[in-house]
Amino acid sequence: MIEGSEILLVDDNPEIIEILGDFFALNGCHVHKAYTGNQALETLGKKDIEVVILDVNLPDVNGITLLDTIKVNTPSVAVIMATGYYDPNFVVDAMKKGASDFLVKPFELDKLMLVMMRVLRERKLVMEKENILSSLEDKKKIEMLNRELQRKIKELTTMYHISNKFNSLSIFDDVYEKMITMVKEILDVRSCGYYIVDSDNRELILYKGLAGDGDVIDEPKVFMAEEFFNDAQTLKKHVIKDNKIFLPLIIKNECIGFIMADCRNGATNGHLMESNVFFLKLVADKASTQIENKMLYESLFESVIHTLKSLIVAINKRDLYTEGHCKRVTEMSMVLAEKIGLADYERDVIRVVGPIHDLGKIGIPDAILLKPGKLTDEEYALMKGHSMYGEQIMNRFEILAKEARIIRHHHERYDGRGYPDALHGNEIPVCSRVLAVCDTYDAMATNRPYRNAIVIREILDEIERCKGSQFDPDIADSFIDILKGGGYDNKH
């Protein structure tokens, strides 16, 4: 998409110039280099440059000042600014003076490629518009211009729509589903889908798919000849089969699957085909970034949870009650979460937090944690600190900030008399309110060194008595229904 482009690199760092020069040369661009502002202006006066990648800090002139000069002298040249630090004032100033984009070093070459594709396409659209404007002679040409402008505005709007939709995804969203939905939204398709690769059988297996009318497509497998895989996986290029576009989805330079679009508007014909492929590539690039981020997040998340579970093992060696207690509370909480209809995300939070909700007990002295009798007021005050200790440990891992809050508040009371923050009612996170009921139940239903387990009838009476004061009344009622119906016991 950028082959043949005339690129000018302006930076006082020779290493950056060489890296970017090699990158663009490998992608078929004609590369020009300048290490000062004066050299850049000299090159612009001699060469037909399309895009300038311009460092903010140059030895002889400020990059923003040079940007202003470039846009005055050669307004058709697109300028991408680059800097080693982010300053909102620089960004605003650069955009006002006509910069096409602003990158913060070090930036990924894949991101630079996407920016280049967008900038070159925008420049092409602008140049086409200017050419049409300059050749207007009569009303017919004006009408043609209006149609062309509307088409180009639609293309630009679609590009920004794709970027905004993917940028708004959270780490918990299904990227593959969003990707296929996006293809259906932006292209006029009979069907579209995402296929994973079965290399042994030379088949693509449907993972997610939609028909143009919203139904699920019924083509679960697609057989592909050997040359298909050679072209698509080796050259990373799209392939046309039966008027359907198959575009490889690339992660870390490896093809992990294919986006398929069966376009109604002539997938193999001239401009329409080029436009469809461009938008598919934009969707694929955005999706691959999200998928890679999700993979990194999940890997980091698993590593963090493993570390925290190692701490729980240390607690269990001190207090055998804690291990069984956390497991039982987690199981009860998941049943209760399903009963009250918690969202999938909140259930995932409980699944993570439940086994480690007493993590902070690692900071409680053995004399208090393992005391066989009732705690004194002073000892109880120290024991109450375990919810804050747990939060402090969790907060060391930024990705668990929300889970840390659940641990902090799992001993709050609905009437505002709990600890550590005396939150009231719905101020308490719903996951904490669920854990609170199950935590209290298990404490009463389990033999402890200083008392025997309480019978189920008395536990039910106690939960009934404390709903609205200690417990969220709706959650308490649902929990009682589960116990009376044998719903929890049936899980064991």
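The values are calculated or read from the model by the stated rules, or taken from the named source; none is laboratory data. Remember, predicted model here, so these are calculated numbers, not experimental data. Here the Cβ positions follow ideal geometry from the backbone for every residue, glycine too, while neighbour counts run over all protein chains shown.
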Checklist entry - Does region 332-377 hold any residues that are modelled with pLDDT of 90 or more and farther than 25 Å from Asp173 by Cα, and which are they? => result Met332
Item to check | Hey, Arg118 basic (Lys, Arg) and modelled with pLDDT under 75 or not | outcome: no
Next on the checklist: Contact list please: Cβ distance under 6 Å, first residue in region 59-84 and closer than 20 Å to Lys111 by Cα and touching a residue at least 12 places away in the same chain (Cβ under 8 Å), second residue buried (at least 19 other Cβ atoms within 10 Å of the Cβ) and acidic (Asp, Glu), pairs at least six apart or on different chains.
Outcome noted: Ile80/Asp101; Ala82/Asp55
Item to check | Count of residues meeting criterion [surrounded by fewer than 18 Cβ atoms within 10 Å (Cβ to Cβ) and either β-branched (Val, Ile, Thr) or in contact with a strand residue (DSSP E or B) (Cβ under 6 Å, 6 or more places away or on another chain) (or both)] in region 379-412 | outcome: 1
Checklist entry - Given region 372-457, what helices (runs of 4 or more DSSP H) lie entirely inside it while holding 1 or more residues that are out of contact with any Lys or Arg (no Cβ under 6 Å at 6 or more places or on another chain) and under 15 Å from Ile356 (Cβ atoms)? => result 386-394, 401-408, 430-445
Next on the checklist: I'm trying to understand the selection: among the residues of region 336-369, which are charged (D, E, K, R), touching a helix residue (DSSP H, G or I) at 6+ places or on another chain (Cβ under 9 Å) and in a helix (DSSP H, G or I)?
Outcome noted: Glu338, Lys339, Glu346, Arg347, Arg351, Lys361, Asp366
Checklist entry - Pairs, please: C-beta under 8 Å, at least 6 apart or cross-chain, first residue under 24 Å from Ile312 (Cβ atoms) and in region 325-343, second in a helix (DSSP H, G or I) and polar (S, T, N, Q)? => result Leu336/Ser478
Item to check | Check on Lys467, loosely packed, with under 15 Cβ neighbours inside 10 Å, out of contact with any strand residue (DSSP E or B) (no Cβ under 7 Å at 6 or more places or on another chain) and assigned by TED's automatic domain parsing to the domain that holds His357 | outcome: no
